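**Q** Can you read through this structure? Questions will come right after.
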Amino acid sequence: MDYRGGRIRRKIYFGTAILMLGLVLGMRCAQLPTGCGEETTTGIPQDSWLQVDGGQALEEGTKLVCLTFDDGPSATTTQVLDILKEEQLPATFFVIATGYNDEYLPLVRQAREAGHQIALHSASHEYREIYASPAAYWEDIDLLRERLSPYVDPDGLTYLRFPGGSTNTVSRKYGGAGIMKELKAQAEEKGYQWVDWNVCGEDAAGEKLSPGEIFKNVVKSTNGQSVCVVLLHDSATTSTTPEALPDIIGWYKEQGYEFCTVEQLYEK
């Protein structure tokens, strides 16, 4: 599959403000969309920017979009993969392995072989458990890596997304007010790149949305940004997301965006 890798290979990295806030943003600031959960995100990005080639601004007119999918694999993942194959586009999957989705874990290998990026999300996705302490969080990640090992080399999984995002507030209930700051520092010490989002389809916000509503949420929260990391879900409960995906992809193409994985946004 040709993902126009040659056009994406330019060295891209994010400024310190983005790394600190955990928000992958384009040239302007944007508030996280309401519904990506009020209980899990705090604050708005400040002074965020994208830089390339040692501090030069991103080439004028260049627009990049990463489609990211959380909470799979599930039956929904198969539909997502089929659409991405038809469109010849890459995506990034932040996966879980709860024990309830074991039958779908082979899809991780299928996605990787198709050229998509596999990244870490959580084994249990239970906030009460994973955010009880920093040690509990890393035990969860170790378990996730173990469960994924039959399908993908866990040593190659160096990107992760914290459940609820890096600025979530729900973790305070269990691990205290400083737990996310500590986890972000530990992640970087361990060699992980943690990734949030700056565009949200709100497809897992609670009430099941129609494909049209998901599409409108993506368009609204894109809001002219030059670099978009789009939060969608391929869980068993987000069955309308694949129906929205062709329109989302078509709209970004019409707006002149290039598609890439999250990994291609960062300098390795």
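The values are calculated or read from the model by the stated rules, or taken from the named source; none is laboratory data. What you see is a predicted model, and the numbers here were worked out from it, not measured in a lab. Here the Cβ positions follow ideal geometry from the backbone for every residue, glycine too, while neighbour counts run over all protein chains shown. Quick note on the areas: whole protein, heavy atoms, side chains included, nothing else; ligands and nucleic acids left out. Shrake-Rupley method; radii C 1.70, N 1.55, O 1.52, S 1.80 Å.
**Q** Once R0 is set to 22 Å, what does the formula 1/(1 + (r/R0)^6) return for the Cβ-Cβ distance between Glu113 and Asp155, expressed as a FRET efficiency to the nearest 0.05?
**A** It comes out at approximately 0.80.
**Q** Of all the accessible heavy-atom surface of segment 48-180, with the other protein chains kept in place and a 1.4 Å probe, what percent is carbon and sulfur?
**A** For segment 48-180, the apolar C and S fraction of the accessible surface comes to 44 percent.
**Q** Something else: Under a 1.4 Å probe, what is the accessible area of segment 103-233 per residue, stated in Å²?
**A** Normalised by residue count, the accessible surface of segment 103-233 is 42 Å².
**Q** Students often get this wrong, so check it: of Lys220/Lys253; Lys173/Lys208; Lys181/Lys220; Lys85/Lys253; Lys85/Lys216, which have C-alpha atoms separated by over 18 Å?
**A** Table pairs above 18 Å Cα-Cα are Lys173/Lys208; Lys181/Lys220; Lys85/Lys216.
**Q** Working out 0.36 nm times the residue gap between Glu254 and Thr98, then minus their Cα-Cα distance, what length gain in nm do you get to one decimal?
**A** Full extension of this stretch gives 52.4 nm more.
**Q** 5 Å is the cut-off here: which amide hydrogens, built 1.01 Å from N in the peptide plane, fall below it relative to His233, excluding neighbours closer than 5 in sequence?
**A** Distant-sequence amide H within range of His233: Asp70.
**Q** Amide H of Leu64 versus every other amide H placed in the peptide plane: which residues, excluding those fewer than 5 positions away on the same chain, fall under 5 Å?
**A** Close amide H contacts, sequence-distant or interchain: Val227, Cys228, Glu258.
**Q** Going 7 Å from the Cα of Gln186 along its beta-carbon direction, which residues of segment 98-140 have the amide nitrogen within less than 18 Å of the resulting point?
**A** 120-140
**Q** Quick one: which residues, 5 or more positions from Leu160 or on another chain, have an amide H under 5 Å from its amide H? H modelled 1.01 Å from N in the peptide plane, none for Pro or chain starts.
**A** Leu120, Gln193, Trp194, Val195
**Q** Rounded to the nearest Å, what's the spacing between the alpha carbon centres of segment 62-133 and segment 152-184? Just the number, please.
**A** 17
**Q** Something else: Quick check: residue separation of Glu126 and Gln79 times 0.36 nm, minus the Cα distance between them. What number comes out in nm?
**A** 14.4 nm
**Q** Here is a follow-up. Using the Cα gyration tensor of segment 54-122, with a ≥ b ≥ c the square roots of its eigenvalues, what is the shape: rounded (a/c below 1.5), prolate (a/b larger than b/c) or oblate (neither)?
**A** Judged from the Cα gyration tensor, segment 54-122 comes out prolate (a/c at least 1.5, a/b above b/c).
**Q** What shape does segment 60-208 take by its C-alpha gyration tensor, where a ≥ b ≥ c are the square roots of the eigenvalues and a/c under 1.5 counts as rounded, a/b above b/c as prolate, and the rest as oblate?
**A** The shape class here is prolate.
**Q** Any idea which of Ser210, Val199, Tyr174 is furthest toward the positive side of the dipole for segment 171-220, if Lys and Arg beta-carbons carry +1 and Asp and Glu beta-carbons -1?
**A** Working it through, the farthest residue towards the positive pole turns out to be Tyr174.
**Q** Okay, moving on. At a 1.4 Å probe, what is the % contribution of carbon and sulfur to the accessible area of segment 216-265?
**A** The value for segment 216-265 is 45 percent carbon and sulfur by accessible area.
**Q** Using 7 Å Cα-to-Cβ label points, what is the Thr237/Val170 separation (nm, one decimal)?
**A** According to this spin-label approximation, the distance is 0.9 nm.
**Q** What are the ³J(HN,Hα) couplings of segment 82-93, residue after residue, when phi is run through the Karplus curve with 6.51, -1.76, 1.60 and θ = phi - 60°? Round to Hz, x for glycine and proline.
**A** 4, 5, 5, 5, 4, 7, 6, 10, x, 8, 10, 10
**Q** Evaluated at 10 °C with a viscosity of 1.306 mPa s, what Stokes-Einstein diffusion coefficient in µm²/s does segment 168-268 have when Rh comes from the Kirkwood expression over alpha-carbon pairs?
**A** 102
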